[in-house]
1. Mind listing whichever residues of the range 1-34 are surrounded by 20 or more Cβ atoms within 10 Å (Cβ to Cβ), in a helix (DSSP H, G or I) and of a type outside the set (S, T, N, Q)?
2. What pairs come out if I take residues in the range 248-265 that are touching a residue at least 24 places away in the same chain (Cβ under 8 Å) and farther than 26 Å from residue 11 by Cα and pair them with residues that are assigned to a helix (DSSP H, G or I) and of a type in the set (D, E, K, R) whose C-beta lies under 8 Å away, six or more apart or interchain?
3. Quick check on this structure: which one of 90, 143 is touching a helix residue (DSSP H, G or I) at 6+ places or on another chain (Cβ under 7 Å) and hydrophobic (A, V, I, L, M, F, W, C)?
4. Based on what the data block shows, is residue 289 surrounded by 12 or more Cβ atoms within 10 Å (Cβ to Cβ) and either outside any helix (DSSP H, G or I) or free of Cβ contacts under 8 Å to residues at least 12 places away in the same chain (or both)?
5. Spot the failing condition for residue 105; the list is (1) in a helix (DSSP H, G or I); (2) farther than 27 Å from residue 295 by Cα; (3) touching a strand residue (DSSP E or B) at 6+ places or on another chain (Cβ under 8 Å), and only one is missed.
6. Restricting attention to the range 101-133, and to residues there that are farther than 18 Å from residue 157 by Cβ and polar (S, T, N, Q), which single residue is surrounded by the fewest Cβ atoms within 10 Å (Cβ to Cβ)?
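Since every read-out is calculated from the coordinates, none of them should be taken as a lab result. Bear in mind that the values here come from a model prediction, so they are computed numbers and not experimental data. Cβ placement follows ideal geometry from the backbone for every residue including glycine, while neighbour counts extend to all protein chains displayed.
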Amino acid sequence: MTFDAILIAGPTASGKSAAALALAEHLGGVVINADSMQVYAEAPILTAQPDVGSRARAPHLLYGHVPACELYSVGRYADDARRALDEARALKRLPIFVGGTGLYFMALEEGLASIPPIPSTIREAARALLDAIGVEALHARLAERDPQTASGLRPTDPQRTLRAWEVLQATGRPLVAWQNVPAEPVLKDLRLARLLLDPPRPALRAAIAARFEAMIDAGGLDEARALEGLDPALPAAKLLGLRPLQALAAGRLTRQAAIAEAVIATRQFAKRQMTWFRGRMAHYAWLDPADGNIIAQFDKIIA
């Protein structure tokens with residue numbers, strides 16, 4: 001069977017990047033990021049982006065191309081993914097999308113709302129309002145004017161509340177109204193191979209812990225220190241392990257305590273990812289990365 005693109009999903013630390021690279025070398029592919037944290041330029045270690053050696057073995061796109069100070073959205077990702085798809089085709093290579101962000105895979109396969117760009121003046125005014133009154137008060141204002149969208153948001157979620165307020169201010173329409181009219185999928189009409197890595201829970205927990213140890217030793221602490229003062233409403237501020245590692249850099253936590261806190265948060269995140277995958281990606285071929293060679297498993301699936 002011939003495919004136009006491959007999708008590889010899985011929880012954090014499941015070995016997705018290594019699997020994508022192996023298939024890229026095997027099939028003549030280009031690896032395209034589908035993870036919302038690996039887009040940020042200032043945190044290649046903390047977000048486990050492919051290293052220089054991996055990038056030398058196969059082309060990699062959409063890694064570290066966004067400043068952490070920017071409010072990067074799934075809509076921007078869809079636009080970037082379309083350009084990456086065109087670049088893969090120009091290189092005559094098979095596009096291999098890999099990551100753990102469910103909404104990115106929805107944009108690739110199903111399409112998401114095509115919301116007009118928010119003018120910078122409205123974005124700045126909305127951010128200033130959030131800073132002045134706080135997220136719960138902004139959520140209350142949103143609920144007065146757009147109760148439907150507000151009812152689906154936690155009053156303590158600054159990123160999504162701010163986004164809904166910006167859209168309402170810029171377009172005069174509720175965010176949910178835009179979301180009910182999805183754009184075309186990035187991969188519309190393409191033949192897709194869909195893989196999902198599902199490692200045993202003990203193996204995943206061990207991998208998460210080992211990775212944080214390695215991140216600190218590789219310079220992750222410097223990255224965390226450099227991101228001090230980042231606006232907490234920005235997506236990059238939710239980078240896994242960022243706050244405990246910043247506390248370690250400042251001497252507020254011991255190395256052992258910082259790693260323990262980061263590992264717990266990451267395990268909880270992985271659990272939420274798996275809940276999403278079970279609910280939305282049951283049609284993928286679920287693979288155990290510890291169960292032999294990923295190439296052999298892939299070849300068996302497509303045979």
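1. 16, 19, 20, 21, 23, 24
2. From residues that are touching a residue at least 24 places away in the same chain (Cβ under 8 Å) and farther than 26 Å from residue 11 by Cα, the pairs are 249/225.
3. 143
4. yes
5. Looking at each condition in turn, residue 105 falls short on (2).
6. Ranking the qualifying residues of the range 101-133, first place goes to 120.
For every residue, the table says whether it meets (1) in contact with a Ser or Thr (Cβ under 6 Å, 6 or more places away or on another chain); (2) under 24 Å from residue 268 (Cβ atoms).
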position	(1), (2)
152	no, yes
160	no, yes
167	no, no
174	yes, no
179	no, no
191	no, no
213	no, yes
216	no, yes
222	no, no
